[in-house]
Amino acid sequence: MAHSIYICSAEGNTGKSTVALGTVDTLSRRATRVGVFRPIARSTQERDYVLELLLAHDGVIGLGYDEAIGVTYEDVHADPEAALATIVRRFKAVESRCDVVVVIGSDYTDVGSPTELAYNARIAANLGAPVLLAVGGRVPQGRGASERLGYTDSRTPEELAQLTELALEELEREHATVLGIVANRADPDRLDDVVAALRAAVRRAAEAAASAGRASVDAASVAVWAVPEDPFLVAPSMRSIMHALRGELYAGDPELLEREALGAVIAAMSMENVLTRLIEGSVVVVPGDRSEVLLGVLTAHASATFPSISGIVLNGGFPISETVQRLIEGLKSDLPIIRTELTTYDTALAITHTRGRLAAESQRKRDTALALFEKHVDGHELLDRLDVARTDVVTPLMFEYGLLARAREARKHIVLPEGYDDRVLRAAATLLARDVADLTILGEEIEIRSRAIGLGLDISKATVLSNHDHVLVYRFADEYQRRRAHKGVTLEQARDTVQDVSYFGTMMVELGLADGMVSGAMHTTAHTIRPAFELIKTRPGVEVVSSVFLMALADRVLVYGDCAIVPDPTAEQLADIAISSAQTAAQFGIEPRVAMLSYSTGESGSGADVDKVRLATELVRQRAPELPVAGPIQYDAAADAAVARTKMPESDVAGRATVFVFPDLNTGNNTYKAVQRSAGAVAIGPVLQGLRKPVNDLSRGALVQDIVNTVAITAVQAAAT
């Protein structure tokens with residue numbers, strides 16, 4: 001039977017979706033089949049964005065949206081008992097397909113009721129799922145004294161404790177078991193006080209239950225965590241604001257509608273006074289008949305001396321003159337401009353009441369939520385309390401988590417030369433939010449940071465460095481000319497060369513200004529790695545730079561080499577590739593058992609190609625006698641235990657190989673692509689090996705997650721050098 005966890009709250013707007021996303025993410029590190037289930041749909045008119053967010057997580061099995069829903073609010077109000085029976089039946093169908101199921105309780109919509117927590121408790125008890133209770137660290141909207149764009153007063157630890165005691169009493173009354181409590185959106189300056197107050201509340205609830213002759217609340221078995229408020233998570237996106245205003249996009253980049261508005265400025269005054277009130281990340285409301293204010297705000301946004309805003313709202317429904325339209329078009333601004341028919345008062349009111357939401361399309365919010373959960377909720381404790389057993393199976397997602405964890409522990413400094421690629425900026429934002437590595441991004445600082453802000457990305461922790469920086473260009477040029485003088489390189493030529501982003505980034509690595517480099521999203525492999533061949537060169541005892549792909553299959557990770565660099569290796573080079581590939585495998589927690597592949601197994605074949613592999617195998621045994629190796633061997637004998645028993649029964653590698661060394665690039669490259677496409681494997685790489693310091697190449701079709709993984713790999717390699 002699957003393990004389950006029921007995430008619920010005692011009121012609305014607690015940020016339960018952050019807790020749910022973090023829980024799904026944590027469970028995906030250990031369980032291979034994670035499911036999600038929503039007992040009560042939040043709306044029948046539109047799709048549930050929280051459920052869609054969780055279903056989109058890579059660790060969740062392929063559930064259909066309708067499969068993951070129990071009933072509607074209307075069903076509950078019409079017949080609670082029948083609704084409960086339906087919920088249990090539909091949940092069991094999901095549970096039967098999963099190792100663990102995350103159940104997300106109801107949301108206290110306008111059709112909710114005061115008994116909603118009790119009904120959630122009944123559901124949890126009937127599903128046999130322990131409850132993870134989310135309590136809100138903020139006073140619900142409308143009751144606070146400092147309400148602004150949804151932000152309200154913080155609850156004191158004592159207030160949170162009182163709310164928790166009442167919720168525990170309700171849960172206990174309905175026989176629900178409480179696994180843990182998360183105080184979400186808590187005061188960042190009082191997290192320890194909040195945790196202490198909630199633990200005291202749990203003890204009091206346990207004592208009260210015991211004195212009443214019930215032992216359903218066990219203080220020792222209830223974990224308590226506190227996650228701080230992050231204003232960004234509750235900020236509405238420009239798209240949400242546009243929908244709330246029933247507006248339309250008049251001008252600007254539709255992609256930038258995903259950027260969040262961190263404040264609101266009503267620009268119903270002279271331009272001089274508007275400029276002094278602009279706020280970083282704000283939405284500026286401009287009356288539609290004040291074209292001079294509109295143009296002034298657009299100009300201020302483009303200026304490096306004024307804050308970057310998230311968007312403009314033109315209210316009132318006034319027509320814009322053809323002359324002003326032509327002027328706006330000529331400015332070529334990407335800033336979203338939204339038009340609405342609403343008055344200034346109604347516009348401001350609608351913006352104020354627009355809730356920020358954690359949805360699948362907001363990368364920055366997702367990164368922020370996961371980073372907060374990782375930092376403040378002990379994932380190992382959560383998994384242990386749920387008794388989710390460890391498995392020998394390693395899914396692609398589990399392997400990626402392991403990469404990020406190893407890189408986070410190493411905390412290396414990686415340079416990304418291609419700062420003008422949006423994929424690189426998105427990957428950088430994820431890496432920084434998850435504390436995976438320190439980053440330097442190459443490019444002109446104003447341009448790079450402006451583009452990131454426009455995309456709604458936070459790269460504030462990154463160093464942005466121009467590859468035309470005079471001090472470093474002269475330093476790098478002197479060093480490059482000294483090393484390449486034997487090739488006739490002059491100082492002037494060296495200055496031109498080192499301003500190329502690949503050379504600039506490589507010089508940073510070689511001179512110790514960075515620990516590794518990742519490039520190739522915009523450049524060829526040759527452009528990326530040529531500087532490394534010239535400057536970094538190979539490790540002592542290594543003859544050739546080669547590559548591997550980490551092939552993440554459904555249940556394990558294999559190493560394929562060389563699939564990208566050396567076209568037709570000699571026997572000596574092939575032995576070098578095998579030893580380097582085994583070392584790379586060990587770096588990433590893969591026990592190396594090396595198969596030297598050929599079209600023949602053992603002594604059954606002959607010919608120049610087989611002889612080359614046979615000699616390479618002997619060289620590996622001589623140079624690394626501790627390394628398990630078999631060869632020549634065919635792929636099926638290396639991978640399939642049944643075939644191995646027939647073709648090479650005495651081998652401790654045959655049928656169990658983890659490192660596959662191909663005889664040439666033609667074979668290796670085609671095989672990895674065939675396995676990737678036919679078996680649905682995730683191919684991570686190419687990972688370069690043999691260099692003194694790590695430099696890794698990206699495919700020009702790389703996805704954001706590919707870049708994240710490659711940076712993590714580079715950091716792990718840097719830690720081993």
Within segment 42-72, residues being under 22 Å from Asn120 (Cα atoms) and small (Gly, Ala, Ser) number 3
Condition first: over 30 Å from Arg556 (Cβ atoms) and aromatic (Phe, Trp, Tyr). Can you find one or more residues in segment 305-322 that meet it? yes
Just name the residue that is nearest to Ile312 (Cα to Cα) out of those in segment 258-283 that are open to solvent by less than 30 Å² (accessible area, probe 1.4 Å), touching a strand residue (DSSP E or B) at 6+ places or on another chain (Cβ under 7 Å) and of a type in the set (A, V, I, L, M, F, W, C). Val283
Of (1) part of a loop (DSSP other than H, G, I, E, B); (2) open to solvent by less than 10 Å² (accessible area, probe 1.4 Å); (3) among the acidic types (Asp, Glu), Glu11 satisfies all except one. Which? (2)
Which one is least open to solvent (accessible area, probe 1.4 Å), of the residues in segment 44-86 that are closer than 27 Å to Ala369 by Cα and of a type in the set (D, E, K, R)? Asp48
Please go through segment 492-518 and pick out each residue that is assigned to a helix (DSSP H, G or I) and either open to solvent by 60 Å² or more (accessible area, probe 1.4 Å) or free of Cβ contacts under 8 Å to residues at least 12 places away in the same chain (or both). Glu492, Gln493, Asp496
Residue that is farthest from Ala679 (Cα to Cα), among those in segment 549-584 that are buried (at least 18 other Cβ atoms within 10 Å of the Cβ) and among the β-branched types (Val, Ile, Thr): Ile579
How many residues of segment 300-344 are out of contact with any Leu (no Cβ under 8 Å at 6 or more places or on another chain) and not small (Gly, Ala, Ser)? The answer is 12
Residue within segment 634-646 that is among the hydroxyl-bearing types (Ser, Thr, Tyr) and in contact (Cβ under 8 Å) with a residue 24 or more places away in the chain present: yes
Across segment 154-200, which residue is nearest to Pro130 (Cα to Cα) among those that are open to solvent by less than 10 Å² (accessible area, probe 1.4 Å) and over 32 Å from the mean Cα position of the chain (by Cα)? Ala176
Where a residue in segment 449-461 is more than 16 Å from Ala427 (Cβ to Cβ) and its partner, wherever it lies, is part of a helix (DSSP H, G or I), with Cβ under 8 Å and at least six apart: Gly454/Leu256
Could you identify the single residue in Gly144, Gly105 that is at pLDDT 90 or above and under 30 Å from Met238 (Cα atoms)? Gly105
For segment 519-546 the number of residues that are outside any loop (DSSP other than H, G, I, E, B) and out of contact with any Phe, Trp or Tyr (no Cβ under 9 Å at 6 or more places or on another chain) is 10
Pair list, Cβ < 6 Å and 6+ apart or interchain, from segment 177-194 residues that are on the phi < 0 side of the Ramachandran plot to residues that are assigned to a helix (DSSP H, G or I) and modelled with pLDDT under 90: Val178/Leu171; Leu179/Arg385
Whichever residue in segment 330-359 is in contact (Cβ under 8 Å) with a residue 40 or more places away in the chain and over 36 Å from the mean Cα position of the chain (by Cα) and, among such residues, is most open to solvent (accessible area, probe 1.4 Å): Glu341
Which count do you get for residues in segment 424-474 that are assigned to a helix (DSSP H, G or I), over 22 Å from Tyr401 (Cα atoms) and either touching an Asp or Glu at 6+ places or on another chain (Cβ under 8 Å) or open to solvent by less than 20 Å² (accessible area, probe 1.4 Å) (or both)? 5
Within segment 289-314, which residues are surrounded by 18 or more Cβ atoms within 10 Å (Cβ to Cβ) and of a type in the set (A, V, I, L, M)? Val293, Leu294, Val297, Leu298, Ala300, Ile309, Ile312, Val313, Leu314
Pair list, Cβ under 6 Å, 6 or more apart: segment 411-435 residue at negative phi, other residue of a type in the set (Asp, Glu) and surrounded by 23 or more Cβ atoms within 10 Å (Cβ to Cβ): Lys412/Asp515; His413/Asp515; Val424/Glu418
For Asp367, work out the one condition from (1) under 30 Å from Leu132 (Cβ atoms); (2) touching an Asp or Glu at 6+ places or on another chain (Cβ under 9 Å); (3) open to solvent by 60 Å² or more (accessible area, probe 1.4 Å) it doesn't fulfil. (3)
Yes or no: Arg89 open to solvent by 10 Å² or more (accessible area, probe 1.4 Å) and closer than 25 Å to Asp387 by Cα? yes
Out of Gly62, Gly12, Gly22, which single residue is within 25 Å of Gly356 (Cβ to Cβ) and at pLDDT below 90? Gly12
Would you please name the residue that is modelled with the highest pLDDT, looking only at residues in segment 374-394 that are open to solvent by 20 Å² or more (accessible area, probe 1.4 Å) and assigned to a loop (DSSP other than H, G, I, E, B)? Asp378
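The values are calculated or read from the model by the stated rules, or taken from the named source; none is laboratory data. Keep in mind that what you see is a predicted model, and the values were worked out from it rather than measured. When we count neighbours, we look across all protein chains shown, and the Cβ atoms used for this are built from the backbone with ideal geometry, even at glycine. With ligands, DNA and RNA removed, areas are computed over all heavy atoms of the protein, side chains included. Shrake-Rupley method; radii C 1.70, N 1.55, O 1.52, S 1.80 Å.
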